Amino acid sequence: QVQLVESGGGLVQAGGSLRLSCVASGVIIRRATMNWYRRSPGKQRELVASITSTGSSDLEDSVKGRFAISRDNAKNTVYLQMSSLKPEDSGVYYCNLESVITNAWGQGTQVTVSS
C-alpha cells in the first residue's frame, strides 16, 4: 500500500523558514515525479513545486527565489524548503507522487504564516 507522510508544517512568522518532508512507503520514488501542492483558504489546490525523476525542478511563480524542492531517493523522501515566508503562503501542503502506474497523495501538513 502506497503511503505518503508529510511533516514539518507549523506556525511561523513572516520572513521565517520551514522545511517540509514527505516520506514515501510502499513505493520507490526514484522513477516518479514528486510534487508539492498547496490549498489555501478560499482557493483551489495549486501546484507549488515539482521535481522529476531526473532532478529537474519547477516552481510556481510566486515562490520562485524563496522555495526549493529536492529529493533523496535513498531515503525515499522529498523536501520543500520554504524561506522568506509570507502570509499568503499559508495553507495545507500536500505531497503527491506521479508515476506511470501510481498517483498518490499524502494527508497534508498545515503551514500558517503570521504577519
Looking only at residues in region 31-64 that are out of contact with any strand residue (DSSP E or B) (no Cβ under 6 Å at 6 or more places or on another chain), in contact (Cβ under 8 Å) with a residue 12 or more places away in the chain and of a type in the set (Gly, Ala, Ser), which one is nearest to Asp89 (Cα to Cα)? Ser62
Among the residues of region 89-115 satisfying the criterion of being of a type outside the set (S, T, N, Q) and at pLDDT below 95, which is nearest to Ser25 (Cα to Cα)? Ile101
Hey, can you tell me all the residues within region 1-53 that are open to solvent by 40 Å² or more (accessible area, probe 1.4 Å), under 21 Å from Leu85 (Cα atoms), part of a strand (DSSP E or B) and in contact with a Ser or Thr (Cβ under 6 Å, 6 or more places away or on another chain)? Ser7, Leu11, Gln13
So which residues in region 58-115 are open to solvent by less than 50 Å² (accessible area, probe 1.4 Å), part of a loop (DSSP other than H, G, I, E, B) and among the hydroxyl-bearing types (Ser, Thr, Tyr), if there are any at all? Ser83, Ser90, Ser99, Thr102
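The values are calculated or read from the model by the stated rules, or taken from the named source; none is laboratory data. What you are looking at is a predicted structure, and each value in this text was computed from that prediction instead of being measured. For neighbour counting, all protein chains shown are included, and Cβ atoms are generated from backbone atoms with ideal geometry for every residue, glycine included. Note: areas computed on protein heavy atoms with side chains; ligands, DNA, RNA excluded. Shrake-Rupley method; radii C 1.70, N 1.55, O 1.52, S 1.80 Å.
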